[in-house]
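The values are calculated or read from the model by the stated rules, or taken from the named source; none is laboratory data. Treat the numbers as computed from the prediction; the structure is a model and nothing was measured. Cβ placement follows ideal geometry from the backbone for every residue including glycine, while neighbour counts extend to all protein chains displayed.
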Amino acid sequence: MSSRCHDCVGVALALGLAVAMAALTASCEREERDTKAPPESQISVSSVALSPLQPGEASAPPGGSHRSIEENAFNLAQGKQLYTWFNCSGCHAHGGGDIGPALMDDQWLYGSEIENVYATIVQGRPNGMPSFRNRIPDQQVWQIAAYVRSMSGLTPATASPSRSDEMQNKPAEQSMPRQEPKDTHP
Amino acid sequence: MRRLSGSGVVVALVLLGGCQGVQSALDPAGDQAGGIAGLFWLFLGVLGAIYLLVLVLLVGALLGLRQRAATERRLTGLLTAWAGGTTIIILGLTAFSYGTDARITRLGDDAELTIEVTAKQFWWQVKYVEPQPSRSFETANEVYLPVGVPVRFILKSQDVIHSFWIPNLHGKTDLIPGRVNETSITARRAGVYRGQCAEFCGFQHAHMALDAVAVPAPEFEAWRESRLKPAPTPTPEDQLRSEGLQVFLTSPCVMCHTIRGTSASSRVGPDLTHVAGRRTIAAGALPYSRGNLGGWIVNPQSIKPGSQMPDIQLEPDQLQALLAYLDSLT
Amino acid sequence: MRGKPVWSIGLIAMLMVGAGVAKAQVTVTAPASAAPADDGNWVMPAKNYASTRYSELDQINSQNVSGLRVEFTFSTGLVRGHEAAPLVADGTMYIVTPFPNYVFALDLTKPGAPVKWKYEPKPVSAAQGVACCDFVNRGAALADGRLFFNTLDNRTIALDAASGAELWKTSLGDINKGETMTMAPLVVKGKVLVGNSGGEFGVRGWLTALDAASGKIAWRAWHTGPDSDVLIGPDYQPFYDKEKGKDLGVATWPPNQWEIGGGTAWGWISYDPDVNLIYYGTANPGPWNPEQRPGDNKWTGGIFARNPDTGQARWFYQVVPHDLYDHDGINELILLDMPVGAPGDAPGNRQTRKVLVRPERNGYVYVIDRTSGEVLSADPFAYINSTAGVDLKTGDIHYVDAKQPVMGQVVRDICPTAPGAKDWNPSAFSPRTGLIYIPHMNVCMDWESQEANYIAGTPYVGANVRMFAGPGGNRGELSAWDPVKRAKAWSIKEDLPLWSGALATAGDVVFYGTMEGWFKAVDARSGAELWRFKAGSGIIGQPITYRGPDGRQYVAVLSGVGGWAGAVVAGDLDTRDPTAAKGFAGAVPDLKERTNKGGMLYVFALP
């Protein structure tokens, strides 16, 4: 009798520990590093909408199936590194803009969802944004797109990059107040 | 006793066998490593002897060997001799250590060749610096050293702290971002040696190796001249290689790599102007061969997961053309 | 010149000469062959080959300029930076706009100056993605009834000035290499001289001469690479030893770096017909990060003298060897004949020499013998802490060690900033006062070098820059520089940087515009402000003056803020990031509150 109770206590302790560990590791998702490119990473760009106007009854916009990309700290950190390496900062500075428009404000010329940003990077845009199709692999484009969204505070603060390693320019992406995207382009 | 000594000899032989090799600090091939190894053997010898003596005395005490009655004065004398001996030995070893360190540091004073190494995750950017800038050139993950010539290394890091370590040639020197460190190496014996990053720097710290090749001076000059040349442009008749160059310039390769002689001049990844002339690729992860290069291009994340090289999607004939071109860059 | 009898011209000329003599001390003049008598037109942005930007018209003078008022306006319909100088020839005014580079011809004979014709070159929109500093255009050039201008996407186009018909167009560059064209051509002896832009994109710079009649390339001088490309041959006789050597355009670069080395020619060209030499400067080497390009980086950051017929170089002086701060050497070169000596020398001890004077980007006024390339003096006109003077014997400039960029470190308080103490916006010279009117800046910067990756068609810079006002707090200044005394005669401090050109007239009035839109007229002798007008948008263009068909004198200027300095407004950038606009956002974070975008021509006259 007593030995069974002994086991009970041990088993209960072990179970409790296991549950606690699972809970802890689950919250580490934002730190997971998926270094391999996901097998199917092309979305059909035609599903991306650039206008909220829909004739007839408005239906819900296509779901953000790639939202999880921007909730991952590794992706955002990689995106930040690639942003400088691939000369995005040459045209967009650290979000303030230069040759290209500002990326840290609430104005989005071609849509603010991560799918829109992905499409902009891959397709290019007529007034000077180059097309990076076949130049930047898809997984990297998603990372850069996620980082671009973090520049205006649209990504979770727990995943966004913090203080830069370079000359301080704007507030860290982590501390950027969330700016709801505006669909106004005069 | 005899069994002990017999197995002791076997153990010693096995251990000594590990002293040889391309990455052994106990097989010095240069002045600096020689100094360090000399210090190692000195310490090992002296301290080993003391250790054995202490062991013998301990065993003797445990076995309860007969002690003669110790007088007060004899005990004091023994202890004084012991303490004095210890002090002299410590001071001596310290002096040798300082002296060796000073000597090694001064070896780089009259360096005739300067190499600038910038560590990045997870590869080595190597630049041979000449007073006339058009005679400087860059390569990656390899250093060629002329035998007998003191070489100064200027060590920088682009991202995190790494450590530069070619065990056969010298000890470790860190590469710290925001700081410039210097070290020097004088190789004395021709051969191929392996260097390794010696400060944990991330996912692939373990696969951040470096080829250090010491060659006689004339061979070094020939190597230097060959590395100075830009990559040859494929002739129009050479269709496969021309196509390969086109693939290089129109795929993700051009975003990260330099091939001098083409319009590709990015510094995110290693300089590939003479990639086919190197012994290994991916900082020592694989020996160079066309097949290995193909595997690396298409699926680097399964060879070195966490390295900055992404999986590149190419059509098979594009890949073959690209490999044909890269294979010509000796 | 309708309405004026011929003899009165001679009387006016005599009176002017007499007035000149009465001024006594002033012995600085522009060479007559390069600065001929004023016919009331304005056919090239620099006014003449000597680049004086000075008009002999004196109907508007320091006494009556306060009565100046708007005669007519014209909206270009565009709202990017308007840097051009309007041109006027025989009753027609010509304006080149920023991208998409429309050319308007306005009929000045009719009230309200209606559009006579409009030409649309339709440059490709993607060119906007490789234009470093807004989609500006600095103007056209008129010669022999033809108008020549450049488009952002690298075409030089010739139009018939009367009808606007296209005569020829020549494509000279490739936007996929990061090349654009923004400069105003210069027509010399039947050749149209044009240069490219793109030093921030790893472009290899050149100056090309096109045949004015056919548009075919007559010669092209590259600014990096082997001597055969740079057109350095037996005629080349530089003054200083540091410019001598074989294939310096290769030897002073790391291997193959000269191919993406910069040295573009997007600024001003002057011409001396007497010695038959053109003078112009080359821009910054690429990338901005100097550690990636050890060596002197010839032939960037310097001044070339070339034979306009063949392009062969006569001399070269490198103002900034191994440039550290993006100090392009493309500013205007004013050709003067003046007595040269030390500041304290008596007038009798001075020798009159043929010189060119340039208020340089690095903050010094250089006076260089234009026949030999010898630097006669280099005196600071702005606050400088990054260099410690120029050695006149060797021509070397001394860089201050503490202010040299180091990769991965932030070097603070470098003065002058990257756009310099003065950028492209040109100064004017008045032979009546002997002063050079320099519109410039007082801005400093923090700089952090980073590794730059060359990817064709994307920026190749490698520096984080953040700018701010220099000592004193004023970000701009108009200085009146006395080249003989080698000192400022007077200066006007401005809150905002000055990015407009200056205009000097025989009425002893100097015109310039501020970035918030004030167009000002000041007394050429004292600097007292005589008149001001608030334009709809900041002024970064070049003011001109001309004699209209009715014989009255008019002053014209384009307003429309932009350019590198005004990118914050023109591009609607976010000033929370001080490194936006390559650091300029840090210098003018208040610009959006002071002015808006615009694009308007203003023409003023006395009632």
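C:Gly245 fails exactly one of the following numbered conditions: (1) on the phi > 0 side of the Ramachandran plot; (2) touching a His at 6+ places or on another chain (Cβ under 6 Å); (3) not basic (Lys, Arg). What is the number of that condition?
(2)
State all residues of the range A:92-120 that are within 12 Å of chain C (Cβ to nearest Cβ), among the hydrophobic types (A, V, I, L, M, F, W, C) and buried (at least 22 other Cβ atoms within 10 Å of the Cβ); if no residue qualifies, say none.
Going through the range A:92-120, the residues within 12 Å of chain C (Cβ to nearest Cβ) turn out to be A:92-107, A:109.
This time we only want the ones that are among the hydrophobic types (A, V, I, L, M, F, W, C), so: A:93, A:99, A:102-104, A:109.
If the condition is that a residue be within 12 Å of chain C (Cβ to nearest Cβ), among the hydrophobic types (A, V, I, L, M, F, W, C) and buried (at least 22 other Cβ atoms within 10 Å of the Cβ), then A:Ala93, A:Ile99, A:Ala102, A:Leu103, A:Met104 are the ones that fit.
Filter the range A:121-172 down to residues that are of a type in the set (A, V, I, L, M), under 13 Å from A:Leu82 (Cβ atoms) and within 14 Å of chain C (Cβ to nearest Cβ), then give me how many there are. Can you show your working first?
Residues of the range A:121-172 that are of a type in the set (A, V, I, L, M), as a first pass: A:121-122, A:129, A:136, A:141, A:144-146, A:148, A:151, A:154, A:157, A:159, A:167, A:172.
Retained after the next criterion (residues that are under 13 Å from A:Leu82 (Cβ atoms)): A:121, A:136, A:141, A:144-146, A:148.
After this cut, where a residue has to be within 14 Å of chain C (Cβ to nearest Cβ) as well, the list is A:121, A:136, A:144, A:148.
Selection size over the range A:121-172: 4.
Are any residues in the range B:242-261 more than 8 Å from every other protein chain (Cβ to nearest Cβ), of a type in the set (S, T, N, Q) and farther than 23 Å from B:Ser226 by Cβ, and if so, which ones?
B:Gln246
Rundown of residues vs (1) part of a strand (DSSP E or B); (2) more than 30 Å from C:Val411 (Cβ to Cβ); (3) touching a residue at least 12 places away in the same chain (Cβ under 8 Å), yes/no style:
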| residue | (1), (2), (3) |
| --- | --- |
| C:Pro287 | no, no, yes |
| C:Thr300 | no, no, yes |
| C:Ile303 | yes, no, yes |
| C:Asn331 | no, no, yes |
| C:Met338 | yes, yes, yes |
| C:Gly348 | no, yes, no |
| C:Thr371 | no, yes, yes |
| C:Ala378 | yes, no, yes |
| C:Ile384 | no, no, yes |
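Looking at this structure, is C:Asn453 over 23 Å from the mean Cα position of the chain (by Cα) and crowded, with 24+ Cβ neighbours inside 10 Å?
yes
Please go through the range C:235-259 and pick out each residue that is more than 14 Å from chain B (Cβ to nearest Cβ) and without any contact (Cβ under 8 Å) to a residue 12 or more places away in the chain. It would help to see each step written out before you state the result.
Within the range C:235-259, the first condition is being more than 14 Å from chain B (Cβ to nearest Cβ), and the residues that meet it are C:235-244.
Residue satisfying the conditions is C:Lys244 alone.
With the requirement that a residue be surrounded by 17 or more Cβ atoms within 10 Å (Cβ to Cβ) and either within 14 Å of chain C (Cβ to nearest Cβ) or free of Cβ contacts under 8 Å to residues at least 12 places away in the same chain (or both), what does the range B:103-122 give you? Spell out the reasoning first.
Looking only at the range B:103-122, we keep the residues that are surrounded by 17 or more Cβ atoms within 10 Å (Cβ to Cβ), and these are B:104, B:107-108, B:111, B:113-122.
Correct list: B:Thr114, B:Glu116, B:Thr118, B:Ala119, B:Lys120, B:Gln121.
Checking the conditions here, which among C:Gly77, C:Gly81 is crowded, with 22+ Cβ neighbours inside 10 Å, in contact (Cβ under 8 Å) with a residue 12 or more places away in the chain and of a type outside the set (Ser, Thr, Tyr)? Before you say what the answer is, go through the steps one by one.
Values: C:Gly77 fails: crowded, with 22+ Cβ neighbours inside 10 Å.
The unique qualifying residue is C:Gly81.
Return the only residue of B:Phe200, B:Phe137 being surrounded by fewer than 19 Cβ atoms within 10 Å (Cβ to Cβ) and not aliphatic (A, V, I, L, M).
Values: B:Phe137 fails: surrounded by fewer than 19 Cβ atoms within 10 Å (Cβ to Cβ).
Just one listed residue meets the conditions, B:Phe200.
A:Ile121 versus (1) in contact (Cβ under 8 Å) with a residue 12 or more places away in the chain; (2) in a loop (DSSP other than H, G, I, E, B): which is the lone unmet condition?
Failing condition for A:Ile121: (2).
Only one residue in B:Glu237, B:Glu243 is part of a helix (DSSP H, G or I), over 22 Å from B:Gln158 (Cβ atoms) and among the acidic types (Asp, Glu). Which one? Full working, then the answer.
Numbers: B:Glu237 fails: part of a helix (DSSP H, G or I).
Unique residue meeting the criteria: B:Glu243.
How about the range C:243-269: which of its residues are in contact with a strand residue (DSSP E or B) (Cβ under 7 Å, 6 or more places away or on another chain) and among the basic types (Lys, Arg)?
Within the range C:243-269, none qualify.
Sort out which residues of the range C:205-239 are in a strand (DSSP E or B) and farther than 18 Å from C:Lys298 by Cβ, and write them in order of number. Before the answer, list the steps.
Let us first name the residues in the range C:205-239 that are in a strand (DSSP E or B), namely C:206-211, C:217-222.
Residues satisfying the conditions are C:Thr208, C:Ala209, C:Leu210, C:Asp211, C:Ile217, C:Ala218, C:Trp219.
Can you name the condition, by its number, that C:Asp153 falls short on among (1) within 14 Å of chain A (Cβ to nearest Cβ); (2) surrounded by 22 or more Cβ atoms within 10 Å (Cβ to Cβ); (3) not in a loop (DSSP other than H, G, I, E, B)?
That leaves (3) as the condition not met.
Find the residue count for the range B:129-185, including only residues that are in contact with a Ser or Thr (Cβ under 8 Å, 6 or more places away or on another chain), without any contact (Cβ under 8 Å) to a residue 60 or more places away in the chain and of a type in the set (Asp, Glu).
Counting residues in the range B:129-185 that are in contact with a Ser or Thr (Cβ under 8 Å, 6 or more places away or on another chain), without any contact (Cβ under 8 Å) to a residue 60 or more places away in the chain and of a type in the set (Asp, Glu) gives 2.
Within 14 Å of chain A (Cβ to nearest Cβ) and out of contact with any Ser or Thr (no Cβ under 6 Å at 6 or more places or on another chain): does that describe C:Gly470?
Working: within 14 Å of chain A (Cβ to nearest Cβ): no; out of contact with any Ser or Thr (no Cβ under 6 Å at 6 or more places or on another chain): yes.
Spelling it out, it is not the case that C:Gly470 is within 14 Å of chain A (Cβ to nearest Cβ) and out of contact with any Ser or Thr (no Cβ under 6 Å at 6 or more places or on another chain).
Which of the residues spanning the range C:133-143 are buried (at least 23 other Cβ atoms within 10 Å of the Cβ) and either farther than 30 Å from C:Ala418 by Cα or within 14 Å of another protein chain (Cβ to nearest Cβ) (or both)? Spell out the reasoning first.
Our first condition is that a residue be buried (at least 23 other Cβ atoms within 10 Å of the Cβ); within the range C:133-143, this holds for C:133-141.
Residues satisfying the conditions are C:Cys133, C:Asp134, C:Phe135, C:Val136.
Collect the residues in the range A:175-186 that are away from chain C (no Cβ under 12 Å) and touching a Gly at 6+ places or on another chain (Cβ under 9 Å), keeping them in residue-number order.
A:Arg178, A:Pro181, A:Asp183
Any residue at all in the range B:223-241 that is surrounded by fewer than 18 Cβ atoms within 10 Å (Cβ to Cβ), among the charged types (D, E, K, R), touching a Phe, Trp or Tyr at 6+ places or on another chain (Cβ under 8 Å) and within 13 Å of chain C (Cβ to nearest Cβ)?
The answer is yes, given that some residue of the range B:223-241 is surrounded by fewer than 18 Cβ atoms within 10 Å (Cβ to Cβ), among the charged types (D, E, K, R), touching a Phe, Trp or Tyr at 6+ places or on another chain (Cβ under 8 Å) and within 13 Å of chain C (Cβ to nearest Cβ).
Count, please, the residues in the range C:246-295 that happen to be within 17 Å of C:Ala418 (Cβ to Cβ), of a type outside the set (Val, Ile, Thr) and buried (at least 24 other Cβ atoms within 10 Å of the Cβ). Working first, answer last.
Start the filter on the range C:246-295 by keeping residues that are within 17 Å of C:Ala418 (Cβ to Cβ), which leaves C:262-264, C:266-267, C:281-293.
Among the residues that remain, those that are also of a type outside the set (Val, Ile, Thr) are: C:262-263, C:266-267, C:281, C:283-293.
Going one step further and asking which of them are buried (at least 24 other Cβ atoms within 10 Å of the Cβ), we end up with C:262-263, C:266-267, C:281, C:283-288, C:293.
So the count comes out to 12.
Does the range B:275-288 contain any residue that is within 11 Å of another protein chain (Cβ to nearest Cβ) and modelled with pLDDT of 95 or more?
Filtering the range B:275-288 down to residues within 11 Å of another protein chain (Cβ to nearest Cβ) leaves none.
The answer is no; no qualifying residue exists.
Out of (1) within 26 Å of C:Val355 (Cβ to Cβ); (2) part of a loop (DSSP other than H, G, I, E, B); (3) free of Cβ contacts under 8 Å to residues at least 60 places away in the same chain, the odd one out for C:Lys485 is which?
With (1) within 26 Å of C:Val355 (Cβ to Cβ); (2) part of a loop (DSSP other than H, G, I, E, B); (3) free of Cβ contacts under 8 Å to residues at least 60 places away in the same chain applied to C:Lys485, the lone miss is (3).
Which of the residues spanning the range C:419-443 are in a loop (DSSP other than H, G, I, E, B), over 11 Å from the mean Cα position of the chain (by Cα) and of a type in the set (Gly, Ala, Ser)? Even if it seems obvious, please write down each step before you answer.
As a first pass, look at the range C:419-443 and keep what is in a loop (DSSP other than H, G, I, E, B): C:419-427, C:431-434, C:442.
Checking which are over 11 Å from the mean Cα position of the chain (by Cα) leaves us with C:419-421, C:431-434, C:442.
Once the filter is applied, which keeps residues that are in a loop (DSSP other than H, G, I, E, B), over 11 Å from the mean Cα position of the chain (by Cα) and of a type in the set (Gly, Ala, Ser), the range C:419-443 yields C:Gly420, C:Ala421, C:Gly434.
Filter the range C:451-466 for residues that are assigned to a loop (DSSP other than H, G, I, E, B), at the interface with chain A (Cβ under 7 Å from one of its Cβ atoms) and not hydroxyl-bearing (Ser, Thr, Tyr) and give the result. Steps first, answer last, please.
If we filter the range C:451-466 for residues that are assigned to a loop (DSSP other than H, G, I, E, B), which is where we start, we get C:451-453, C:455-462.
This time we only want the ones that are at the interface with chain A (Cβ under 7 Å from one of its Cβ atoms), so: C:453, C:455, C:457-459, C:461.
Selection gives C:Asn453, C:Ile455, C:Gly457, C:Pro459, C:Val461.
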